[in-house]
Amino acid sequence: MKLTGKSVLITGGAGFIGSHLVDRVLQENPSNLVVVDNFYLGREENLEDARMVNPGLKVFRLDAADLAAMRDLVEAEKVDVVFNLAVIPLPTSLKYPAWTVTTNVNIALTFCELARWGAIGTLIHSSSSEAYGSAQYVPMDEGHPLHPRTPYAASKSAGDQLVQSYWRTFSMDVSIVRPFNNFGPRQNPGTFAGIIPIVVQRVLHKQPIEIHGDGEQTRDYIFVRDTANAFVHVYEEAATRGKVLNIATGQEITMNQLVARLLEVMGVPDYPVIHSQQRPGDVRRHCGDIRLAHELIGFEPPVISEADLRETVDYYLKRFS
């Protein structure tokens, strides 16, 4: 199964992971590539590289949770494949939980319905490692209990359950990709920024680095282009249908260790770091088991490399300076 010659829709395609997936899908020479984004976090500049490759890239400012709008779009564009990455992010759920949950669940439901009606051929749905909650054992395989700790995490867990229930009931062509923590260029640098853009901004502004809690909480970080590559390979492999696949490195790193590595890359290893109150719903430990992804799609991502960290830091240094 190849994307060559297919009409492809990527929701959340102007966002962090979504825009890298747009770049990756363009390498497959689809007949048509459509991006849907409400631009809550997505940015037009994230699509600059894609527009250089494909000046005719179609971008629609729409709500992916709007079933009628999405049906009109997929019918008009004759969409074969949907990569559904549209999402309201975790930090938003701490301030606007009802909106986050309602929107995220309805996004999943919208594309389940479109697949059930036959309006689209294949749905590759993006989940989140947050659906697991804190690790009860490591590495965390796809059978790990789902104990979401935030409304966001609960909404992603609910979306996964919806997608799998539709697959069981209606035999649709669907797969679920469950990414762990991604890093790389284009991550949101604003109000809901990730740790790397936050560290870079604070160093540039001569402010101390703030780590929530004791900093010994762990995450499994993966470079964003490795994740985008995995999405494409999940589509290509029919054996992934009806399954959830972790996309991670299988290696965990503490926040203290990650910040120390970033400060080394920036040439300020002794920069001041302070610890503040732990954030509500923060998971203590994450480390993904990627054996299923290795078995089904040959997934073998590298661990965090100096080159990937340097590229990421340089991106934000250029953006913020």
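The values are calculated or read from the model by the stated rules, or taken from the named source; none is laboratory data. Nothing here was measured: the structure is a model prediction, and the numbers come from that model. Counting neighbours? That spans all protein chains shown, and the Cβs are built from the backbone with ideal geometry, glycine included. Surface areas here come from the heavy atoms of the whole protein model, side chains and all, with no ligands, DNA or RNA. Shrake-Rupley method; radii C 1.70, N 1.55, O 1.52, S 1.80 Å.
How many nm is it between the label spots at residue 58 and residue 282, if each spot is 7 Å from the Cα in line with the beta carbon?
About 4.4 nm separates the two model spin labels.
Would you list, by chain and number, the lysines whose Cα falls below 19 Å from the Cα of residue 318, excluding same-chain residues fewer than 8 positions away?
206
Evaluate the distance, in nm, between pseudo-label points positioned 7 Å from the Cα of residue 201 and of residue 311 along their respective Cα→Cβ axes.
2.4
What does the extension gain come out to for residue 254 and residue 66, with contour length at 0.36 nm per residue minus their alpha carbon separation? Write down the numbers at each step before the final one.
On the way: separation 188, 0.36 × 188 = 67.68 nm, distance 3.87 nm.
That pair, residue 254 and residue 66, stretches by 63.8 nm at full extension.
Over all directions, how big on average is the projection of the convex hull of the alpha-carbon atoms in segment 204-316, in square nanometres?
The Cα convex hull of segment 204-316, projected and averaged over all directions, gives 8.4 nm².
Taking all protein chains as present, what is the carbon and sulfur share of the accessible area of segment 4-121, in % to the nearest whole number, probe 1.4 Å?
53
So for the chain, averaging the separation of alpha carbon pairs under 8 Å that are six or more residues apart and normalising by length, what relative contact order in percent results?
After rounding, I find 18 percent.
Over the chain, one equal point on each Cα, no solvent: what is log10 I(q)/I(0) by the Debye formula at q = 0.14 Å⁻¹?
-1.09
From the phi angles alone, apply the Karplus equation (6.51, -1.76, 1.60; θ = phi - 60°) to segment 118-133 and give each ³J(HN,Hα) in whole Hz, x where the residue is Gly or Pro.
For segment 118-133, the Karplus curve yields x, 6, 10, x, 10, 10, 10, 9, 8, 9, 7, 5, 4, 4, 6, x Hz.
Roll a 1.4 angstrom probe over the protein heavy atoms and tell me the percent of accessible area of segment 241-321 that is carbon or sulfur.
Reported share for carbon and sulfur atoms: 51 percent.
For the pair residue 321 and residue 291, what calculated FRET efficiency results from E = 1/(1 + (r/R0)^6), where r is the Cβ-Cβ distance and R0 = 51 Å, to the nearest 0.05?
Result of the calculation: an efficiency of 0.75.
Is the shape of segment 49-186 best called rounded, prolate or oblate, per the rule: a/c under 1.5 gives rounded, else a/b larger than b/c gives prolate, else oblate, with a ≥ b ≥ c the square roots of the Cα gyration tensor eigenvalues?
Prolate.
Spelling out what I want: for every residue of segment 177-182, take phi, set θ = phi - 60°, compute 6.51 cos²θ - 1.76 cosθ + 1.60 (Karplus), and round to whole Hz; glycine and proline get x.
Values per residue, Gly and Pro as x: 9, 10, x, 8, 5, 9 Hz.
Can you bin segment 1-126 into rounded, prolate or oblate? Criterion: square roots of the alpha carbon gyration tensor eigenvalues sorted a ≥ b ≥ c, rounded for a/c under 1.5, prolate for a/b above b/c, oblate for the rest.
Verdict is oblate for segment 1-126.
Applying 1/(1 + (r/R0)^6) with R0 = 30 Å to the Cβ-Cβ distance of residue 300 and residue 99, what FRET efficiency is obtained, to the nearest 0.05?
0.20
Rounding to the nearest 10 and keeping the result within 0 to 90°, find how far the Cα-based axis of helix 97-117 lies from the longest principal axis of the chain.
Relative to the chain, helix 97-117 is tipped by roughly 30 degrees.
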